[in-house]
1. Report the full-extension gain for the segment residue 224 to residue 171: residue separation times 0.36 nm, less the Cα-Cα distance, to one decimal in nm.
2. Report the Cα centroid-to-centroid distance between region 259-282 and region 178-197 in angstrom, as an integer.
3. Once amide H atoms are placed 1.01 Å from N in the peptide plane, what residues at a sequence separation of 5 or more from residue 124, or on another chain, have their amide H within under 5 Å of its amide H?
4. If each of residue 96 and residue 231 carries a label point 7 Å out from its Cα toward its Cβ, how far apart are those two points in nm?
5. Show the residues, 5+ positions off or on another chain, whose built amide H is closer than 5 Å to the amide H of residue 330.
6. Contact order normalised by length for the chain, with contacts defined as Cα pairs under 8 Å and 6 or more residues apart; what percent is it?
7. Please work out the Cα center distance from region 312-340 to region 68-105, rounded to the nearest Å.
8. Show me, for region 239-250, the HN-Hα J-couplings you get by feeding each phi into the Karplus relation (A = 6.51, B = -1.76, C = 1.60, θ = phi - 60°), rounded to Hz, glycine and proline as x.
Amino acid sequence: MIPGPVSVEDEILEALARPVQAHYGDRWTALYNRAAAGMRDVFKTAGEVHLVFGSGMAGVEMCIASVLSPGDEVLIPTNGLFGDRMAEVATANRLQVHSFSAGRGAITAAQVRDELAAHPGVRAVCVVHHETSIGVLNEVEGICRAAREHGALAIVDGISAIGGVPFDMDAWGADLCVTVANKCIGGPIGVAPVAAGPRALAALDDGRPKAAGWYLNLATWRRYSELWSGWHPHPTTMPTSVIEAFELALTRLLEEGVEARCRRLAAARDRVREGLQEIGFEMLSPLATASPVTTAAYGLEGMDVADYLGWLLSEHRIRIGGGLGELRGRIFRVGHMGRAAEPEAIDRFLRATAAYVERMPPKTR
């Protein structure tokens, strides 16, 4: 029940055990194109989608470095580890980063507008949709609108949001977005779908030298998707078994319906929050800004959070996430993606947590 990678359904795991197919040819190309088309439906975009072989951060780097030149100004608001990582990626690619912290609250469009007014040269706004480290949703729809009004690109880290949190890339005005197979989609590790809209593609081809190298460069992936479209629509060897399993997980998502899955995961979140609050735990964020796919809660006064996490794993074979950075030892995080959203799994977790609290010394309860 960690906030990813998720527990994968048996049928999807079985796809990983099939004989490895070649990463080229008619059958493979049809599978790859079918998965890319399905992801366009999930992103809700008419733009391009490329299935990048790598982690979510590989996709983040591709988005940032492919459309910006060294020295360009970018605005990256942060309220947790993964916003900070976006800033690190931009800095590593020699961009001029303007950043501000929203603390542990949601990043708002109003805050972004104020910062854009103070930095008129910003060419892109980079933002995390769901800050997994604190279980908070940022105001991405309004932030994308603010970026567009400024004339800047909107680059969205949707790694732990797409497929489980409402998102409409084209309607919201996002220009680039990345997600992964192993979060809300419920697939295996190794695929980072990247979506690009027309403004991003125009920036890609504007003739300015870009920060990207070869592999994590959207221009490379576009060139091969056109040059070798009929038999090898990507630049390198691909993990075919992983893509096959991913396509099956994606099919299951589309069969359920993205909106239906969003509602189901939000219901799981509510069940966890209510159960933890009944036991006496305080949530890190109010419901209005709380993620529907990860819940963060403070440990009880006097509670050894590390001991609690270890006890859940050793005694009940339940793994949940701990706090990151300054919140380490102070909070724990429960994921609601994949099989962790099943009511039976949630009830088992809540019963185990209640049992742990009961065994704590009375003065700490």
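The values are calculated or read from the model by the stated rules, or taken from the named source; none is laboratory data. Because the structure is a prediction, the values reported are computed rather than measured. Methodologically, a virtual Cβ is constructed for each residue, glycine included, from the backbone with ideal geometry; neighbour enumeration extends over all protein chains shown. Quick note on the areas: whole protein, heavy atoms, side chains included, nothing else; ligands and nucleic acids left out. Shrake-Rupley method; radii C 1.70, N 1.55, O 1.52, S 1.80 Å.
1. Numbers: separation 53, 0.36 × 53 = 19.08 nm, distance 2.83 nm.
Using 0.36 nm per residue and subtracting the Cα-Cα distance, I get 16.2 nm.
2. First find each Cα centre; the distance between them is then 24 Å.
3. 75, 153
4. About 4.8 nm, to one decimal.
5. For residue 330, the qualifying residues are 323.
6. Details: 745 pairs, mean separation 85.9, N = 365.
Across the chain, relative contact order equals 24 percent.
7. 27 Å
8. So the J values, rounded to whole Hz, are x, 4, 5, 5, 5, 4, 5, 4, 4, 5, 4, 5.
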